[in-house]
Amino acid sequence: MRSHLIPLVLLALVVGCERQAPPPPADVRPVRAEQVAAGSDATPARYAGEIRARHETALAFRVGGRVSARLVEVGTTVQAGQVIATLDPQDYALAVQAVEAQLAAAEAEAKLARQDLERFTELRAQNFISQAELDRRRAVADAAQARVAQLQADAAGQRNQQAYTRLTAPHAGVVTAIDFEAGQVVAAGQPLAQLARRGELEVRIDVPENALDELRAAKSLTVRLWSLPDRTYAGRLRELSPMADAASRTYSARVSLAKPDDAVKLGMTATVEAGREPASGLSVAQSALFRVNGEPQVWVVDRQTGKVAARGVELGALAGERATIVSGLAAGEWVVTAGVHKLAPGQTVRLVEPRQ
């Protein structure tokens, strides 16, 4: 009896294994896709930036020396002419004393030369000296007077140098940066502090090169503060750099705020939204595009069969992450937006829902 049961058990195991063997996997690739629709590129482009003053001045001493005192801190409000820092003036005071002593000696020599000229003029009138001697005395007096004028100018210059040991604010504003301490030796013209003038505020942003025309043509610019997202401020493009930054390869732009209130502070994080009119044609994400022999194409998904087919399209303007389609697509069709370089014609795909 047992000899008959053993073959039956083995036969049942073999049949069970054959039934559980999985079918060969189909080449179904998961992709992301979007449905083509008109005016889908109306989302405003956004650029992050920070609130800056329109007029920012780098402050520096006009002479070099050792800093003897620093009289402001970051955030200090200063008035025009207020002293920000001072240098040790001893060397400059000694230079003024030296040139003033030379000036005093030159003035004494010039006085003596004038007196001699007056005496020799009288002697010449009595014909006691020659005209040549009188001319020589006149030349000596003129040279002495010229020496006085030279030393007077030198003395004025040295007094200016002494006055330059006091760093003063050229206008009223707020100190936004300090890069020195008391006791530090600084050179003439070395930037030591940043002074932001009160008044017009603006947002400094960085713009990629493919968005320059879009920013220039923006119908409106709206500024939002990160700390106050419910408030909006109208902006105006005031400045756009003609040259890209060497490191980031972006173009610096400044957007002026039309009517900022007291809530807008220097250094705040802000976002600039560049509004544009909705497009009347079709558009797709630029990630959906690929090129074959230099011609732009997209993968169109057949929702009934799940297969993709390459289709050539004619492109219009590029705006942000969107590309306008002039011809080649119809509204309602589905195109692959992620994984376009890993597909083949007729390949079956599975659409993946985008992450929320």
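The values are calculated or read from the model by the stated rules, or taken from the named source; none is laboratory data. No experiment lies behind these values; they were computed from the predicted model shown. A quick note on method: Cβ atoms are made from the backbone with ideal geometry, for glycine too, and the neighbour counts reach across all protein chains shown.
Some values worked out for this structure:
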| read-out | value |
| --- | --- |
| All positions within segment 249-272 that are more than 12 Å from the chain's Cα centre (by Cα) and assigned to a loop (DSSP other than H, G, I, E, B) | A258, K259, P260, D261, D262, A263, V264, K265, L266, G267, M268 |
| First in segment 287-300 and touching a residue at least 12 places away in the same chain (Cβ under 8 Å), second anywhere and assigned to a loop (DSSP other than H, G, I, E, B) and small (G, A, S), Cβ under 9 Å, 6 or more apart | P296/G328; Q297/G328; V298/G328; W299/G339 |
| Filter result for V292 (farther than 24 Å from I51 by Cβ and outside the structural domain of G75 (by TED's automatic domain parsing)) | yes |
| Selected residue (only one of E100, E56, E122, E109 is among the acidic types (D, E) and within 30 Å of V272 (Cα to Cα)) | E56 |
| Among the residues listed as E50, E34, E73, the single one being under 30 Å from S283 (Cβ atoms) and of a type in the set (D, E) | E34 |
| Conditions (1) surrounded by 13 or more Cβ atoms within 10 Å (Cβ to Cβ); (2) in a helix (DSSP H, G or I): number failed by A69 | (2) |
| Residue in segment 42-53 that is assigned to a loop (DSSP other than H, G, I, E, B) and surrounded by 15 or more Cβ atoms within 10 Å (Cβ to Cβ) present | yes |
| Candidates A247, A270, filtered to the one that is touching a Leu at 6+ places or on another chain (Cβ under 6 Å) and among the small types (G, A, S) | A270 |
| Residues satisfying the stated conditions in segment 223-233, i.e. β-branched (V, I, T) and under 19 Å from the mean Cα position of the chain (by Cα) | V223 |
| Residue in segment 88-100 that is of a type in the set (D, E, K, R), surrounded by 14 or more Cβ atoms within 10 Å (Cβ to Cβ), in contact (Cβ under 8 Å) with a residue 40 or more places away in the chain and over 30 Å from V175 (Cα atoms) present | yes |
| Options Q131, Q126; residue that is at negative phi and either touching a residue at least 12 places away in the same chain (Cβ under 8 Å) or in contact with a helix residue (DSSP H, G or I) (Cβ under 9 Å, 6 or more places away or on another chain) (or both) | Q131 |
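Condition check ((1) more than 30 Å from I51 (Cβ to Cβ); (2) modelled with pLDDT under 90; (3) in contact with a Cys (Cβ under 9 Å, 6 or more places away or on another chain)) across all residues:
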{"position": "V255", "(1), (2), (3)": "no, no, no"}
{"position": "A258", "(1), (2), (3)": "no, yes, no"}
{"position": "A279", "(1), (2), (3)": "yes, yes, no"}
{"position": "G316", "(1), (2), (3)": "yes, yes, no"}
{"position": "G320", "(1), (2), (3)": "no, yes, no"}
{"position": "A338", "(1), (2), (3)": "yes, yes, no"}
